[in-house]
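Step one of this worksheet: look at the structure below.
The values are calculated or read from the model by the stated rules, or taken from the named source; none is laboratory data. No experiment lies behind these values; they were computed from the predicted model shown. When we count neighbours, we look across all protein chains shown, and the Cβ atoms used for this are built from the backbone with ideal geometry, even at glycine. For accessibility, only protein heavy atoms count, side chains too; no ligands or nucleic acids. Shrake-Rupley method; radii C 1.70, N 1.55, O 1.52, S 1.80 Å.
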Amino acid sequence: MKPLPPLNSLKTFMLTSRYNSFSQAAIHNYMTKGAVSQQIKLLEDWMGVRLFMRTSAGIELTSAGIELKKTCDISFSLLENKIYELKKKISKITKIKIGCSSSILRHLFLQNQNKINSEFPEFQLCYDTTATIDSLLNNSIDIYLSREVYPPVIGLKEVTLFKDEIGMVSARNYLDRHVEGVTVCHAQSRGSAWNEWCTASGRMLPVIDELHFETLSLALDAARFGLGVVVAPWFVVEPEIRLGNLHSPFGFVECGRGTWLYHLESSSNDTMQFIDKLKYIANELKVAPLNKL
């Protein structure tokens, strides 16, 4: 990049050429008349050309000064417009208050934080894991995400965010080492998951034992340690599969479960814009690939 004259000198030149007066330029730039003269001389010395000539009426631009003024008018106008455009974009950040469980917060938002941040630069997302569906009605939150389907409520709209795709996961080569049958690790919150997967996938594996855990996370830990198999949604186990900690020999199939989004019918345009983008991103993130994993 070629060296440029000091920006302050160019700014002083612009004001002086606008008013054709050192005194007026000094007033509008909060400077003394002597300081204005000094900045103009600095610019003229840097360029090696006179920019102003003195007349009986005051000062006038030289031919070089006229050319520089035209260029500065265009350049400063473009710079000013772009700065205010960027400032407007930055200042227009809309806060979206999201109510959801800690599980949804973790698996949908936190583990995809980089993607979420890049897709929603105009939104500041605030999460409340203590919110309920009633929090929407008293305007404590803007949207509510749930793994449950609620009965219709006047004033609320329901949106299917994404449908679960479930699969049987285990440590790699677990099935090769347990050809006689598998140990199924159940989570309290998903007691029917194994039967759901058998029905949806059309597969019936011999079961020789069952283990029961308080949470799905503990059941998945057991599977990672080679203690058995677990049926879990793709959006929960995706990071572990990508890292090679878990394996899904039969892939994933859609089931009746899912995640639903609720919002007020009177939601703002900003909230609706966020919902539209979230639906697209959620499906992109939470649909399993067709190949076996």
Task: In degrees, nearest ten, helix 7-19 long axis to first principal axis of the chain (Cα) - done: 50
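Could you give the dipole magnitude of region 1-83 about its Cα centre, charging the beta-carbon of Lys and Arg +1 and that of Asp and Glu -1, in debye to the nearest 20? Mind showing how you got there, number by number?
Working: 10 positive and 6 negative charges, 11 e Å.
That gives a dipole near 60 debye.
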Task: Magnitude of the charge dipole, the chain, Cβ model with Lys/Arg +1 and Asp/Glu -1, debye to 20 - done: 1600
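Given a Förster distance of 22 Å, report the FRET efficiency between S189 and T132 from their Cβ-Cβ distance, rounded to the nearest 0.05.
On the way: r = 18 Å, r/R0 = 0.80.
So, using R0 = 22 Å, E works out to roughly 0.80.
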- [ ] Mind grabbing the accessible area of D142 for me, 1.4 Å probe, Å², rounded to tens?
- [x] 40
TODO: Please calculate the 1.4 Å probe accessible area of S189, with all protein chains present, and give it to the nearest 10 Å².
DONE: 80
Task: Inter-label distance for E148 and D270, nm, one decimal - labels placed 7 Å from Cα along Cα-to-Cβ - done: 3.1
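Is region 158-208 best put as rounded, prolate or oblate by its Cα gyration tensor, with a ≥ b ≥ c the root eigenvalues, rounded for a/c under 1.5, and otherwise prolate when a/b is larger than b/c, oblate when not? Spell out each step's value before the answer.
Working: a/c = 2.23, a/b = 2.10, b/c = 1.06.
It is prolate, given that a/c is not under 1.5 and a/b is the larger ratio.
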Task: Using alpha-carbon coordinates, inclination of helix 63-91 to the longest axis of the chain, degrees - done: 30
- [ ] For region 220-272, state which GluC sites (Glu not before Pro) are in a DSSP loop and have at most 16 other beta carbons lying within 10 Å of their beta carbon.
- [x] E265
Open item on the list: Once you keep just the Cα pairs under 8 angstrom separated by 6 or more residues, what percentage relative contact order results for region 10-115?
Closed with: 18
Task: Area of T130 that stays accessible when all protein chains are in place (1.4 Å probe, Å², to 10) - done: 110
TODO: Go through L86, L43 and list them by solvent-accessible area, largest first, probe radius 1.4 Å.
DONE: L86, L43
Task: Protein-only accessible surface order, largest first, of E44, E196, E67 at 1.4 Å - done: E67, E196, E44
TODO: Leaving ligands, DNA and RNA out of it, report the carbon-plus-sulfur percent of the accessible area of region 141-244 at a 1.4 Å probe.
DONE: 52
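Find out how many positive minus negative residues lie around S266, taking Lys and Arg as positive, Asp and Glu as negative, among other residues whose Cβ is under 14 Å from that of S266. Before the final figure, lay out the partial values.
Details: positive: K157; negative: D142, E265, D270.
Once positives and negatives cancel, what remains is -2.
Taking square-rooted eigenvalues a ≥ b ≥ c of the alpha carbon gyration tensor, is region 124-188 rounded, prolate or oblate, where a/c under 1.5 means rounded and, failing that, a/b exceeding b/c means prolate?
The shape class here is prolate.
Sequence gap at least 6, Cα distance under 8 Å: using those rules, report the relative contact order of the chain to the nearest whole percent.
Working: 425 pairs, mean separation 53.1, N = 293.
The value is 18 percent.
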Open item on the list: Place a point 7 Å from the Cα of N114 along the Cα-to-Cβ direction; which residues of region 229-246 have their backbone N under 17 Å from it?
Closed with: 238-244
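Give the relative contact order (percent, whole number) for region 173-293; include only Cα pairs under 8 Å separated by 6+ residues.
26 percent.
Computed FRET efficiency, Cβ-Cβ of Q24 and L4, R0 45 Å: what is it to the nearest 0.05? Before the final figure, lay out the partial values.
Working: r = 25 Å, r/R0 = 0.56.
Between Q24 and L4 the formula returns 0.95.
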Open item on the list: Can you tell me the orientation of helix 269-286 relative to the chain, as the angle in degrees between its alpha-carbon axis and the longest Cα principal axis, to the nearest 10?
Closed with: 50
Task: Share antiparallel - DSSP beta bridges, region 145-269, percent rounded to 5 - done: 70
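Starting from the Cα gyration tensor of the chain, take the square roots of the eigenvalues, sort them a ≥ b ≥ c, and report rounded, prolate or oblate (rounded when a/c is under 1.5, otherwise prolate if a/b is larger than b/c, else oblate). Walk me through the intermediate numbers first.
On the way: a/c = 4.87, a/b = 2.87, b/c = 1.70.
Here the chain falls in the prolate category.
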- [ ] Let me have the 222 nm mean residue ellipticity of the chain computed from DSSP H runs of 4+ only, each contributing -39500 (n - 2.57), with the sum over all residues rounded to the nearest 500.
- [x] -13000 deg cm²/dmol
